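Chemist: Let me begin by handing over the structure; questions about it come next.
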Amino acid sequence: MSDRHYLKANWDLLEGFESDQSKGIEHPPLQKPVSEGVSLVSLPAVDMDDFPNSSISEAVISRKSVRSFTDEPISIVELSWLLFATQGVKSIVRNGIATFRTVPSGGARHPFETYLSVNNVTGLEPGLYRYLPLDHTLAHLGDRIPPSSVIEGCLDQRFAGECSVTFIWTVIPYRTEWRYGPVSNKIIALDAGHVCQNLYLACTASGLGTCAIGAYDQDIMDSLLDLEGREEFVIYIAPVGRR
C-alpha cells in the first residue's frame with residue numbers, strides 16, 4: 001500500500017534535496033518556549049542511589065504492559081527519574097543546535113515535547129504540566145484535566161485516566177524536517193518508540209507500571225493540550241501508576 005512507503009529507508013529522497021539546515025536557516029528551538037507568567041516547578045535531581053534495585057537485565061526481562069494501577073501515589077522523585085529517563089538532556093552540542101539525551105534520536109533532533117496530566121503525585125499539585133528537559137523543570141500550564149476527558153480522548157480506555165500521571169508526547173515535526181525533509185516521517189516514527197521503551201524500562205526498574213497507547217482521538221487529545229494540530233500534535237500516550 002502507498003501509505004507504507006514512509007516505513008522504508010527512502011534515503012534516495014535526499015539526493016538533490018536542500019534542507020533548511022543546508023540553506024543556513026536557523027534551527028528550531030530545542031524545546032518549546034514557556035509563555036510569560038507560567039510558573040515553573042524545579043524537579044529533584046536524579047540520583048540512582050534512590051533506585052538501588054534497578055538492573056537493566058531485570059528490567060528488560062520483567063517489562064510488560066500494565067493497565068491496572070493502585071490508588072497509591074508515585075513520588076515527585078520517581079516522576080523526575082521517569083522524565084530524565086525518557087527525555088533527559090546529557091549535553092547540548094553543535095553550538096546549541098542539538099542535544100544528546102538519554103534516548104537516541106535521528107540527527108539528535110529530538111522532536112518531542114512531554115506533557116503530563118498529573119492526578120496523584122506526592123510533592124506536586126494535580127494539573128497539566130510540560131517538561132522542560134533543558135532545565136529539568138516542569139511548567140505548570142493549568143488545572144488538572146478531568147480523567148474522564150483523558151479516557152474519552154483515549155477511546156474509552158479507562159486506565160488512561162485512572163493512574164497517577166499520564167504522559168502525553170507531542171511532536172514538533174519541523175525539528176526533524178529542518179534537517180531531513182522528506183525522510184522525517186520515518187525518523188520520527190522510530191524516535192517515538194525509543195522514548196516510550198525507556199519509559200517502560202524506567203517504570204519497571206522503579207516498581208511502577210505503564211502501557212503505551214497509540215489508539216486515541218487526535219482532535220480530542222490535541223484540544224486537551226490546546227494544540228493547533230499541524231505544527232505540533234499528540235503522537236503517543238502512556239499512563240503511569242503504581243502496580
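Chemist: Within segment 3-17, can one find any residue that is in a loop (DSSP other than H, G, I, E, B) and modelled with pLDDT of 95 or more?
Modeler: Within segment 3-17, the first condition is being in a loop (DSSP other than H, G, I, E, B), and the residues that meet it are 8-10, 15-17.
Subset that is modelled with pLDDT of 95 or more: none.
No, segment 3-17 contains no residue that is in a loop (DSSP other than H, G, I, E, B) and modelled with pLDDT of 95 or more.
Chemist: Another question about this same structure. Is segment 213-221 home to any residue that is among the aliphatic types (A, V, I, L, M) and over 17 Å from the mean Cα position of the chain (by Cα)? Steps first, answer last, please.
Modeler: First pass over segment 213-221, keeping only residues among the aliphatic types (A, V, I, L, M): 213, 215, 220-221.
Pick out the ones that are also over 17 Å from the mean Cα position of the chain (by Cα) and you get 220.
For segment 213-221, residues among the aliphatic types (A, V, I, L, M) and over 17 Å from the mean Cα position of the chain (by Cα): present.
Chemist: Quick one: count up the residues across segment 216-235 that are under 23 Å from H194 (Cα atoms) and assigned to a helix (DSSP H, G or I).
Modeler: Within segment 216-235, residues that are under 23 Å from H194 (Cα atoms) and assigned to a helix (DSSP H, G or I) number 3.
Chemist: Would you confirm, using the coordinates I've provided, whether A238 is touching a helix residue (DSSP H, G or I) at 6+ places or on another chain (Cβ under 9 Å), in a strand (DSSP E or B), at pLDDT 95 or above and buried (at least 20 other Cβ atoms within 10 Å of the Cβ)? Spell out how you get there, then give the answer.
Modeler: Details: touching a helix residue (DSSP H, G or I) at 6+ places or on another chain (Cβ under 9 Å): yes; in a strand (DSSP E or B): yes; at pLDDT 95 or above: yes; buried (at least 20 other Cβ atoms within 10 Å of the Cβ): yes.
Criteria met by A238.
Chemist: Okay, next question. Please find, within segment 104-135, the residue that is surrounded by the fewest Cβ atoms within 10 Å (Cβ to Cβ) out of those that are in contact with a Gly (Cβ under 7 Å, 6 or more places away or on another chain) and either under 26 Å from L190 (Cβ atoms) or not aliphatic (A, V, I, L, M) (or both). Lay out the reasoning, then the answer.
Modeler: Let us first name the residues in segment 104-135 that are in contact with a Gly (Cβ under 7 Å, 6 or more places away or on another chain), namely 118, 127-128, 133.
Then keep just the ones that are either under 26 Å from L190 (Cβ atoms) or not aliphatic (A, V, I, L, M) (or both); that gives 127, 133.
Working: G127: 19, P133: 21.
Across segment 104-135, the extreme among qualifying residues is G127.
Chemist: In segment 32-83, what residues are farther than 23 Å from V121 by Cα, assigned to a loop (DSSP other than H, G, I, E, B) and of a type in the set (D, E)?
Modeler: E36
Chemist: What residue, of P73, P44, P29, is free of Cβ contacts under 8 Å to residues at least 24 places away in the same chain and not acidic (D, E)?
Modeler: Checking each option against the conditions leaves just P29.
Chemist: Checking G193 against (1) touching a helix residue (DSSP H, G or I) at 6+ places or on another chain (Cβ under 9 Å); (2) of a type outside the set (V, I, T); (3) closer than 16 Å to G106 by Cα: exactly one of these is not met. Which one?
Modeler: Tallying (1) touching a helix residue (DSSP H, G or I) at 6+ places or on another chain (Cβ under 9 Å); (2) of a type outside the set (V, I, T); (3) closer than 16 Å to G106 by Cα, G193 fails exactly one: (1).
Chemist: List the residue pairs whose Cβ atoms are under 7 Å apart, where the first residue sits in segment 182-200 and is closer than 17 Å to F233 by Cα, the second is modelled with pLDDT of 95 or more and of a type in the set (D, E, K, R), and the two are 6 or more positions apart or on different chains.
Modeler: Filtered contacts from segment 182-200: S184/E177.
Chemist: Quick check: is even one residue across segment 141-158 under 17 Å from L30 (Cβ atoms) and crowded, with 20+ Cβ neighbours inside 10 Å? Spell out the reasoning first.
Modeler: Residues of segment 141-158 that are under 17 Å from L30 (Cβ atoms), as a first pass: none.
For segment 141-158, residues under 17 Å from L30 (Cβ atoms) and crowded, with 20+ Cβ neighbours inside 10 Å: absent.
Chemist: Would you point out the residue of segment 34-54, among those that are among the polar types (S, T, N, Q) and within 22 Å of R101 (Cβ to Cβ), that is modelled with the highest pLDDT?
Modeler: As a first pass, look at segment 34-54 and keep what is among the polar types (S, T, N, Q): 35, 39, 42, 53-54.
Checking which are within 22 Å of R101 (Cβ to Cβ) leaves us with 42, 54.
Details: S42: 96, S54: 66.
Among those residues, the one meeting the criterion is S42.
Chemist: How many residues are surrounded by fewer than 20 Cβ atoms within 10 Å (Cβ to Cβ), of a type outside the set (A, V, I, L, M) and within 25 Å of F84 (Cβ to Cβ) when one looks only at segment 175-206?
Modeler: 3
The values are calculated or read from the model by the stated rules, or taken from the named source; none is laboratory data. Remember, predicted model here, so these are calculated numbers, not experimental data. Heads up, the Cβs are rebuilt from the backbone with ideal geometry, glycines too, and the neighbour counts pull from every protein chain shown.
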